[in-house]
Amino acid sequence: MADLNPVEEDKNATKAKELEGVKDNMDSKAKGVENTKKDMFKGVGSASNKDMFKGVGSASNKDMFFRADKIDLKNLDIQLEKHLSRVWSRNLEQKPKEEWEIDLSKLDIRTVIARGTYGIVYKGVYDEQDVAVKVLDWGEDGMATQAETAGLRASFQQEVAVWHKLDHPNVTKFIGASMGTSILKIPSNNPSGASLPSRACCVIVEYLPGGTLKHYLIRNRRKKLAFKIVIQLALDLARGLSYLHSKKIVHRDVKTENMLLDAHRNLKIADFGVARVEAQNPKDMTGETGTLGYMAPEVLDGKPYNRRCDVYSFGICLWEIYCCDMPYPNLSFVEVSSAVVRQSLRPEVPRCCPSSLANIMRKCWDGNAEKRPEMDEVVTLLEAIDTSEGGGMIPEDQVNGCFCFAPVRGP
């Protein structure tokens, strides 16, 4: 071999030092890779591992020689970035994604208030405030089909999307929600005995101690309500619906069971599970949505409808508030549905009912949706009613009780 000149010897020495530095650096990286590769390359497959360390040999062998030009550092960086991205994604999943999502660590669930078809309502405390917690069962534990589960998820998202933007004294205040959480804590000593699905969701709203309007009316079924209270409750409901309609929201399930009362008997609209933003084209809103006795004829008949279906339901609620009774108590669901659409069946207005209130009922439940008033008009009509001289139904247990519903005698 020919002797190298001093310049070439210096170059080779420099290269040798650089290679030695690369070897040390690669040895350090290889040890780090060995410690994390099981997690880093999960699901990557053996082929990419072979390609990445092609010609390198065992990373744990201290005596091995590295060829820096054979290590695919670019591919190594890509895999490392993917691994870190997965870790960061998992961390982000634990943080609120939406403005309405709550910190569940601040939620303390106490007792059961009510049970429904797809969930349970609890009383609890959130951030030192009494709240109602509506926990929905998405049917993920085999109790519902995939289609039903998907429908429940969509209903929940729709309810939250509608509710969290509302702010009105006659609409139950929305506090927050949590979607698909697996860390919701239900007291073990809870008498409900209910089990939660693996990933439950919940809606949290202000707690209203007065219960539902339906239960309040049932409690007063015999003694009835003072006319002043009738108008106050009717106005609360009318103002709440007028506000919703001004926001282009159709509730679609207006009934006394979905109205709540606070400690001072103020009424607030609740349960937006089937509410939706009103479509520009009424034909986009079809289907039997609501509760049968309160549903407008066009809804029962499967025809297109708009916000005036809520006006019809309000008319039925107004009758119920005045009478403290249930509409169509002796008819089956099928009979009610057929009679409302084909025979214009409506609740019988008591003869003792002031004409000013009776006229509002009849206008609201008109069979022609276009003839029904807007809810802001209903508010104006109710505000004009004079309650100073009474006008409510006479309690049934009084000697001169109300005979409004008694059969008419004589010719």
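Observations
- A straight chain from A150 to K185 at 0.36 nm per residue would run longer than the Cα-Cα distance by 10.2 nm.
- Accessible surface for region 295-338, divided over its residues, is 34 Å² per residue with a 1.4 Å probe.
- Cα-based shape type of region 211-396, given that a ≥ b ≥ c are square roots of the gyration tensor eigenvalues and the cut on a/c is 1.5: prolate
- Per-pair calculated FRET efficiency, R0 = 45 Å: H168 and N368 via Cβ, rounded to 0.05: 0.95
- Fully extended contour minus Cα-Cα distance, from Q157 to L331, at 0.36 nm per residue: 59.1 nm
- Rough spin-label spacing in nm, given labels placed 7 Å along Cα→Cβ, for A114 and E128: 3.0 nm
- Alpha carbon centroid spacing (whole Å) that separates region 302-323 from region 326-376: 8 Å
- Summary of packing: across the peptides 242-252, 328-338, the per-residue average of other C-beta atoms within 10 Å ranks them, highest first, as 242-252, 328-338.
- When peptides 219-232, 122-135, 314-327 are ranked by their average number of other Cβ atoms within 10 Å per residue, the highest-first order is 314-327, 122-135, 219-232.
- Here the simple spin-label model places points 7 Å from the Cα toward Cβ, and for D301 and E98 these points are separated by 3.6 nm.
- Subtracting the Cα-Cα distance of S246 and N266 from their residue separation scaled by 0.36 nm leaves 5.1 nm.
The values are calculated or read from the model by the stated rules, or taken from the named source; none is laboratory data. A quick note: this is a predicted structure, and the numbers were derived from the prediction, not measured. Using ideal geometry, Cβ is built from the backbone for each residue, glycine included, and neighbour counts are taken over all protein chains shown. Areas reflect the complete protein model, heavy atoms only, side chains present, ligands, DNA and RNA absent. Shrake-Rupley method; radii C 1.70, N 1.55, O 1.52, S 1.80 Å.
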